[in-house]
Structures are given as structure tokens and as C-alpha cells.
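These notes are about the structure you will find just below.
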Amino acid sequence: MFKAIAHPNFALIKYWGKSDYDSNVPAMSSVSITLDSMKSETTVSFPNGLSKDRWILNGIEQLSLGQIESPLQSLKKIASIEDFCQIESNNDFPTAAGLASSASGIASLVTALNAAFELNLSTQQLVESALEGSGSAPRSLFSGYVYLEALNDQVRCKTVLDPEQWPLEVIVCITSNKKKFISSRKGMEITKQTSPKYWDWVNSQEQNVAIALNAIEAKNFEQLRQVSEQNCLEMHKVMQASDPPINYWNEITYACVEKVREIQDRGLAVFFTIDAGPQVKIICESDASEEVLFFMKRESGIQSIIQSGLGQGSRIIYE
Ligand code: PMV
């Protein structure tokens, strides 16, 4: 039995759009932070008597292998393994609700399979394998501040700053536990096909990535705030200009953003980001986190709040 753990990562400079639907390669680079709380755990085992590969997600047997099929089959092929395996994945936070459960789930999966199949994959091979499951999953293989470079259909990924070098904190406001109404994969395709803003979005991305990487290197919070908030709002505008419009926000999402604006007016170093779901992720300097938490706890409608630091990439915890 082989068990791996990975945490979600939240993009500050986001990817929304694939260069090709089937290959799953992002059409743009991205920059993210890996958390140290919330976790996906994946266990790979080889029980006797299986007649096919089995995937149990949060205790429920899945009818198809879905997103894990592609990385699983390609790693089995590299390892020349024909035995069927059982994969059990558990998330200790809402699944498919815009909290990057697929990124942490897939990162923990490829890490566990690498050990279970005794593959000894290089970092680049792990990145490519994670990418087959989800475009943001390679980032959860890495710790702290992470740069995923997507250039000419080649993807590379690395840590650009360790969490201890700039220990920002994240306050995740969960405004709904429901699964997202449209998957990122489908949403991205609709946006690419129908949003008049799509190509401007793709073409502006490299510049935003460069600004964010600079801000991270210089630990310049204000610069990171500006480029991250602007990039997040732009991504949601691009989606909303699709036909049909895609809007992942709910009323509480809007209220949380208003609240963050009020907290900023008080002079605290804080900003928000929102992904393919209604959850609001508030990033702040560590000395501001208690005050941010105090204000967000008083905001009505938020279902739960998770406080997190920045943390490590995926790793084996049992073999
Ligand atoms: O990796 P996916 O297919 O779940 O897409 C992630 C999309 C966003 O979370 C909205 C942006 C990002 O870069 O993480």
C-alpha cells in the first residue's frame, strides 16, 4: 500500500483555456501558491480479485475513472504493469467546489503511483503526468510560490520562492459546498469558442506572469496584490463574456469581495482571488491574518472559514 498527500494550490495569475482540449496543455503560463492546510490523500493498493481498476473517491466507488484515467494508464504503460489497482482518494475539504481538489487529488495520485509502480520518475515526468489529469495539478507537486510555464505546448514547473522565505497566509471563505455547475474543462472550452475577450486574455498573460514573478522575488505585497486581483477579475470577465455566460460567483462571493475592499481601506495588506467556484481566497501578510479573520467571521452567509499558511508539495507518507 502506498499513500501520498498533496495540498491545493491557488493561482494568483490564472490559467483559463487550453491550447488543445484533448492534450490538456494550458494555453498560458500561471503562478500559484501551495497551501499547508486542506489535503488530498491518495492510496494505491493491489488487492486480489479485481477485474478492473477501481477508484473510490471520498468513500464512494466511482463508475468511471474520469480525470484519473489518463495519468493512471500512461504510468501503467511506462511501468509495464498490467495488474489492476485500487485507488482511494480522500479530500478533507469540499470536492469540485472551486478549491482546487482536482489539483491536489491528481498530484497526490501521480506521487503515489510513482512509488507504487517503482518508477523513479524525474520531476519533469511527474509534471507531464499530473498535467494529463488537470492543468493546475503540476503546481501542487511543488512547495510555496510556483511558476508553471506553458510555452509552445511545453510545460515546465518549479518553485520560485519557498514558503518560509515569504510566509503569507490564506483565509479561505467557503460560501457554498455545492459542486460547481460546470467543470473547468468544459467552461474553458466554451470560453475559448465563444468569448470575444479570449485572445486578449491569452495574449496579456505573459506580461502579468512576469510582473507577479517580480513581485514575489522582491516580496512586494502591493505589486502582487494589484496584478493578482486584476488578473482574477479579468478571468471572470472573460468567462462572463462567453455564450452562455459563465459566472461562478454567488451573492456571498460579491459580499466577501466588498468586505475585503473595506479591510484594505483600513490599511491592511490583503487581497482576494476567486477560481472556478464561489469561494473567496483572501491572501494576507501574517501579521494581518487575525484581524482579517475577525472581520470575515462577522460576515453573514459564509459557511465556513479555513485558515492556512503556505506549504510543501506532494509527498509520500506511507509505503
Ligand atoms: O486545473 P483545472 O482544470 O481544474 O483548472 C483550473 C482553473 C482555475 O482554477 C480557475 C485557474 C488556475 O490556474 O488554477
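If a residue has to be among the aliphatic types (A, V, I, L, M), within 15 Å of the ligand (Cβ to nearest atom), open to solvent by less than 20 Å² (accessible area, probe 1.4 Å) and not in a helix (DSSP H, G or I) to count, how many in segment 86-109 make the cut?
2
Condition first: of a type in the set (D, E, K, R) and touching a residue at least 24 places away in the same chain (Cβ under 8 Å). Now tell me which residues in segment 252-265 satisfy that.
Correct list: K259, E262.
Just one of (1) open to solvent by 40 Å² or more (accessible area, probe 1.4 Å); (2) outside any loop (DSSP other than H, G, I, E, B); (3) touching a residue at least 40 places away in the same chain (Cβ under 8 Å) trips up K180, so point out which.
(2)
Collect the residues in segment 183-204 that are aromatic (F, W, Y) and either modelled with pLDDT under 95 or surrounded by fewer than 20 Cβ atoms within 10 Å (Cβ to Cβ) (or both), keeping them in residue-number order.
Within segment 183-204, W199 is the sole residue that qualifies.
Can you tell me which residue is farthest from S29 (Cα to Cα) among those in segment 140-167 that are surrounded by fewer than 23 Cβ atoms within 10 Å (Cβ to Cβ) and of a type in the set (A, V, I, L, M)?
For segment 140-167, the residue satisfying everything is L161.
Find the residue count for segment 31-76, including only residues that are hydrophobic (A, V, I, L, M, F, W, C) and either open to solvent by 70 Å² or more (accessible area, probe 1.4 Å) or in a helix (DSSP H, G or I) (or both).
So the count comes out to 6.
Hey, can you tell me all the residues within segment 117-168 that are touching a Leu at 6+ places or on another chain (Cβ under 8 Å) and part of a strand (DSSP E or B)?
Y145, Y147, V155, R156, C157, V160
Residues of segment 276-319 being among the charged types (D, E, K, R) and closer than 30 Å to A116 by Cβ, which ones? Before you say what the answer is, go through the steps one by one.
Let us first name the residues in segment 276-319 that are among the charged types (D, E, K, R), namely 281, 285, 287, 290-291, 297-299, 315, 319.
The answer is R315, E319.
Does any residue of segment 116-126 turn out to be buried (at least 20 other Cβ atoms within 10 Å of the Cβ) and within 20 Å of S30 (Cβ to Cβ)?
Yes, segment 116-126 contains a residue that is buried (at least 20 other Cβ atoms within 10 Å of the Cβ) and within 20 Å of S30 (Cβ to Cβ).
I need the full set of residues from segment 11-26 which are of a type in the set (D, E, K, R), more than 8 Å from the ligand (Cβ to nearest atom) and surrounded by 18 or more Cβ atoms within 10 Å (Cβ to Cβ), in order please. Steps first, please.
Quick first cut of segment 11-26, residues of a type in the set (D, E, K, R) only: 14, 18, 20, 22.
Add one more test, that the residue is more than 8 Å from the ligand (Cβ to nearest atom), and what stays is 18, 20, 22.
K18, the sole residue that qualifies.
Please tell me if Q264 is touching a Gly at 6+ places or on another chain (Cβ under 7 Å) and under 30 Å from D162 (Cβ atoms).
Numbers: touching a Gly at 6+ places or on another chain (Cβ under 7 Å): no; under 30 Å from D162 (Cβ atoms): yes.
Spelling it out, it is not the case that Q264 is touching a Gly at 6+ places or on another chain (Cβ under 7 Å) and under 30 Å from D162 (Cβ atoms).
Name the single residue that is nearest to W199 (Cα to Cα) among those in segment 236-248 being touching a helix residue (DSSP H, G or I) at 6+ places or on another chain (Cβ under 7 Å) and not hydroxyl-bearing (S, T, Y).
Per the criteria, the residue is V238.
What's the total number of residues in segment 126-139 that are in contact (Cβ under 8 Å) with a residue 60 or more places away in the chain and either in contact with a His (Cβ under 6 Å, 6 or more places away or on another chain) or near the ligand (Cβ under 10 Å from one of its atoms) (or both)?
Matching residues across segment 126-139 total 6.
Pairs, please: C-beta under 6 Å, at least 6 apart or cross-chain, first residue under 21 Å from I274 (Cβ atoms) and in segment 98-125, second in a loop (DSSP other than H, G, I, E, B) and away from the ligand (no atom under 14 Å from the Cβ)?
L99/F93
Please find, among A4, A112, the residue that is part of a strand (DSSP E or B) and either within 12 Å of the ligand (Cβ to nearest atom) or open to solvent by less than 10 Å² (accessible area, probe 1.4 Å) (or both).
Exactly one of A4, A112 is part of a strand (DSSP E or B) and either within 12 Å of the ligand (Cβ to nearest atom) or open to solvent by less than 10 Å² (accessible area, probe 1.4 Å) (or both), namely A4.
Among the numbered criteria (1) within 16 Å of the ligand (Cβ to nearest atom); (2) within 25 Å of F295 (Cα to Cα); (3) open to solvent by 20 Å² or more (accessible area, probe 1.4 Å), which single criterion is violated by Y248?
(3)
The values are calculated or read from the model by the stated rules, or taken from the named source; none is laboratory data. In this text, all values refer to a predicted model and were calculated from it rather than measured experimentally. Don't worry about glycine lacking a Cβ; one is built from the backbone with ideal geometry, like all the others, and counts go over all protein chains shown. Ligands, DNA and RNA are excluded from the accessible area calculation, which covers all protein heavy atoms including side chains. Shrake-Rupley method; radii C 1.70, N 1.55, O 1.52, S 1.80 Å.
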